[in-house]
Amino acid sequence: MITCPRSERLVALLYDGELDSPLRREIASHVAGCVVCTRTLAALGRVQELVVQAISEQVEESDFANFWEGVASKLDQQASSSWRLWLQLWRERLRPAWVPGAPAWAATTAALLVTTFLVFHPPAPSDPAPTVLAGNDQAEIESLSASETVFLWNESESNATVIWVSDDNDGEML
Amino acid sequence: MTASRLTLFCFASVLLGAFQVVAGEMVELRVETVLATNSSQEFDDRLKDIRPQLNDFRFSSYRLVQEERRRVDWGKQADFLLPGGRFLQVVPKGYINKRIALQVMLIEGTTPTPLMGTLLSIRNHGMVFVAGRKHQGGILIIRIGAVTEE
C-alpha cells in the first residue's frame, strides 16, 4: 500500500479544519496532486457519513414517549434533595454566627420576658412611677438628683438599696 | 387659688395628718457610718445585723465609725455630722402604706455643696445605703434607717 508521509497526520487535521491558513493552503495544494492523500481525505468523509448514519438509525429506534415524564420525575427527586441540601447549607452558614450572638439571643429573650411581664402585669394606673420599683424591704426612689456621678442599685438577695455617690470623676465604683 | 384646688389641698392635708397620727407623732432616725476598706479582714461585730448587705460592697473590712439615733417630728429636718466634714440632712415626710418617706440630702465641702438629694421611701424598720465617698483609705457606707410606731 502506497503511503504519503503527510497523509498520516495532516490530512486528518485538514479534514477537521484545524490547520492554520498557510499550512491549510499548502496541504490542500498537496492533496490536489497526491492520489494517496486524496483517497485518505475521501475515506475520512466516508467514515463520517457512516458514523452519522449509524447514530441516526439508533435515534430513530429509540422510544422517547416516556422521556419527559422520566425527566420530570428526576427533577422532583432532585428538587427535594436540593431543599434538604439548601437547608443544611443554610444551617452551616448560620452556625458560626450563633456562637458570638448568644448574648444577643439572651438579651432578646430577656426583653421578650420583660415585655410579656409588663403586658400581663401592667402597673396600676393610680401608682406613681418611681425611679426604682422595689420589693417590700427595698427602698423606692421617687426622685434623685446629684452634682456627682451617682449609681443606684438594688441587691435582690440582701434587699439592700444603695445610692452610690462616686468620689471619682471617672465613675469608678470600687 | 380656686375653690376646687383649695378643697383638694385641705383634703390632702387632712389625709397626711391622719397618716401621721396613725404612724405616731415622731419617727426615730438612725444613721450609721461604716468605713469599708481592703486593708484588713476586720469586721465590726456591731454591724452583724447588716452583714449580708455590707458584703454586697465586696470590701474585706467593715468598721462602724459613727452611730447616731434621733427622734424627730414628721416634717422636721435632722442634721447628722458625718466623718470627713460631711453632712446628712434627713427629713421624714410621711408614713403611707407602712412605708416611711424620707427626703435625704448629702452635703460636703468647706462651702457646703449638696452632692446628692433624693426623695425615697423605705419600709418601717427598713434602711437605705448611701455610699461612695472616700475616707481614710476606704469608702464611707452610710446606713439610714427609720422607725415609727404603727
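Data table
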item	result
Calculated FRET efficiency for the pair A:E49/A:E26, C-beta based, R₀ 22 Å, to 0.05	0.25
For segment A:24-31, Karplus couplings with θ = phi - 60° (6.51, -1.76, 1.60), whole Hz, Gly/Pro x	4, 5, 5, 5, 4, 5, 5, 4
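FYI, it's all coordinate maths here, none of it is from the lab. Please read these numbers as outputs of a predicted model, since none were measured by experiment. All Cβ positions, glycine included, derive from the backbone under ideal geometry; neighbour counts span all protein chains shown.
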